[in-house]
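The values are calculated or read from the model by the stated rules, or taken from the named source; none is laboratory data. Keep in mind the model is a prediction, meaning the values are calculated, not measured. Cβ placement follows ideal geometry from the backbone for every residue including glycine, while neighbour counts extend to all protein chains displayed.
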Amino acid sequence: MREKARVELNIHDGGEIDLILSKPRRKPVLVKIKSSDRIDEIEINHLVKYAQELGSDKIFYISQNKNGQKIKNVNCMPWDLALKEIFSLG
């Protein structure tokens, strides 16, 4: 089967997901990409809500913030570390 990547914007409550990565028989991976170095708690809350709705347990908030941390089950990390993590999910 081919791997799929989707770009999706969801604005029904003001939040959005930048990428939903999916493979057959696996839970989707949700990705939010920000150019700021500040982690936005409101965006984190949206991601948690969407993850529950979509059945995802792999959630990434990619930003310029250099301090990798996990907030409410969301992996917040700089883009270089996030890409390594996402592509290692196989």
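Odds and ends about this structure:
- Pro28 being touching a Gly at 6+ places or on another chain (Cβ under 9 Å) and either under 14 Å from Asn75 (Cβ atoms) or modelled with pLDDT under 95 (or both): yes
- The numbered conditions (1) buried (at least 18 other Cβ atoms within 10 Å of the Cβ); (2) touching an Asp or Glu at 6+ places or on another chain (Cβ under 6 Å); (3) at pLDDT 90 or above are all true for Ile62 except (2).
- Pick from region 7-25, criterion in a loop (DSSP other than H, G, I, E, B) and either basic (Lys, Arg) or at pLDDT 75 or above (or both), ranking: surrounded by the most Cβ atoms within 10 Å (Cβ to Cβ): Ile17
- Scanning region 59-69 for residues that are in a strand (DSSP E or B) and farther than 19 Å from Leu19 by Cβ yields a count of 1.
- In region 36-57, the residues that are within 15 Å of Asp18 (Cα to Cα) form Cβ pairs under 6 Å with partners that are assigned to a loop (DSSP other than H, G, I, E, B) and β-branched (Val, Ile, Thr), at six or more places apart or across chains, as follows: Tyr50/Ile17.
- Subset tally (residues that are surrounded by fewer than 16 Cβ atoms within 10 Å (Cβ to Cβ) and outside any helix (DSSP H, G or I)) for region 70-90: 8
- Subset of region 35-58 (residues that are part of a loop (DSSP other than H, G, I, E, B) and touching a Phe, Trp or Tyr at 6+ places or on another chain (Cβ under 7 Å)): Ile39
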